[in-house]
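Trainee: Structure incoming, see below.
FYI, it's all coordinate maths here, none of it is from the lab. Values in this document were obtained by computation on a predicted structure and should not be read as measured data. Cβ coordinates were reconstructed from backbone atoms using ideal geometry, including for glycine residues, and neighbour counts include every protein chain displayed.
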């Protein structure tokens with residue numbers, strides 16, 4: 001049984017940490033761009049770390065109105081959810097549901113993501129894990145999305161925990177930069193990479209016994225004054 005210091009908080013990214021959705025996001029963008037006559041070359045590299053409004057401007061140009069930008073992003077996300085359908089369980093990062101259930105019994109849990117709010121609802125509700133999150137922050141609730149630290153700092157604020165006592169679970173360099181800029185510890189999920197730089201621990205998924213050992217050590221040395 002995982003027991004954590006109650007002075008700690010755990011903050012999770014969504015895509016690549018709770019659900020292995022990045023390949024499907026890439027495919028959805030490819031299909032959406034092709035429908036709109038735009039070459040989808042290098043879309044995977046271009047999409048990382050960007051909110052949809054930023055990515056739409058990059059792909060379609062700055063001449064679009066705010067309403068047009070929003071609709072392009074929303075249309076792509078509708079396509080993503082349609083492609084995902086009800087097949088959430090096979091795409092969940094292994095062990096995440098059990099880990100959240102155990103960790104939430106002793107630590108505050110939050111979500112910090114650049115994802116669209118509709119996708120957050122789709123994943124958390126579909127996976128049956130929303131109840132474990134005391135705070136949910138997406139990139140549209142803050143001025144700056146990742147790699148700025150805003151989503152994680154806001155998550156810590158909502159949970160009432162000092163940034164130094166927050167542990168972030170991330171799968172990408174952009175998210176890791178955001179967590180480090182917030183002054184937080186980072187666990188790297190090797191969902192799509194063989195290794196990740198600038199993390200305190202790295203695990204393939206939430207079933208890895210090393211994750212529990214590492215978290216137990218963090219619990220023993222927590223210095224929060226909540």
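Trainee: Any chance you could run the full-extension gain for residue 78 through residue 64? It's 0.36 nm times the residue separation minus the Cα-Cα distance, nm to one decimal.
Mentor: Gain in length upon complete extension: 3.1 nm.
Trainee: On to the next question. Helix 22-35 versus the longest principal axis of the chain: what angle, 0 to 90°, nearest 10, using Cα atoms?
Mentor: Roughly 10 degrees, rounded to the nearest 10.
Trainee: So if we plug the beta-carbon distance of residue 164 and residue 190 into 1/(1 + (r/R0)^6) with R0 = 22 Å, what FRET efficiency do we get, rounded to 0.05?
Mentor: After rounding, the FRET efficiency stands at 0.30.
Trainee: Most fluctuating residue of 117, 90, 163 in a GNM of the chain with Cα springs under 10 Å: which is it?
Mentor: 90
Trainee: Let me ask something else about it. Calculate the radius of gyration of the Cα atoms of region 1-84 to one decimal place, then report Dmax, the largest Cα-Cα distance, as a whole number, both in Å.
Mentor: 16.2, 54
Trainee: Highest GNM mean-square fluctuation, the chain, Cα pairs closer than 10 Å: which of 15, 200, 171?
Mentor: In this elastic network of the chain, the residue with the biggest mean-square fluctuation among 15, 200, 171 is 200.
Trainee: Shifting gears a bit: Would you look at the GNM of the chain, springs on alpha carbons closer than 10 Å, and say which of 31, 51, 180 moves the most?
Mentor: 31
Trainee: Something else now. In nm², what is the average projected area of the convex hull enclosing the Cα atoms of region 33-152?
Mentor: 8.5 nm²
Trainee: So, R0 is 41 Å and r is the distance between the beta-carbons of residue 200 and residue 71; what FRET efficiency does that work out to, to 0.05?
Mentor: 0.50
Trainee: Now, a different point. Could you tell me whether region 136-226 comes out rounded, prolate or oblate from its Cα gyration tensor? Rule is a ≥ b ≥ c as square roots of the eigenvalues, rounded for a/c under 1.5, then prolate if a/b exceeds b/c, otherwise oblate.
Mentor: oblate
Trainee: If you don't mind, there's one more thing I want to ask. How far, in degrees from 0 to 90, does helix 66-84 lean away from the longest principal axis of the Cα atoms of the chain, to the nearest 10?
Mentor: On a 0 to 90 degree scale, this one is about 70.
Trainee: Another question, if that's okay. Could you calculate the contour length gain from residue 131 to residue 217, that is, 0.36 nm times the residue separation minus the distance between their Cα atoms, to one decimal place in nm?
Mentor: Length difference between fully extended and current span is 28.3 nm.
Trainee: Would you compute, from DSSP H runs of 4+ residues alone, the mean residue ellipticity of the chain at 222 nm, taking -39500 (n - 2.57) per run and dividing by the full residue count, rounded to the nearest 500?
Mentor: Helices in the chain give a 222 nm mean residue ellipticity of -13000 deg cm²/dmol.
Trainee: What is the calculated FRET efficiency for residue 207 to residue 3, with r their C-beta to C-beta distance and R₀ = 22 Å, to the nearest 0.05?
Mentor: Between residue 207 and residue 3 the formula returns 0.80.
Trainee: Want the number for residue 57 to residue 89: 0.36 nm per residue separation, take away the alpha-carbon distance, what's left?
Mentor: Using 0.36 nm per residue and subtracting the Cα-Cα distance, I get 8.2 nm.
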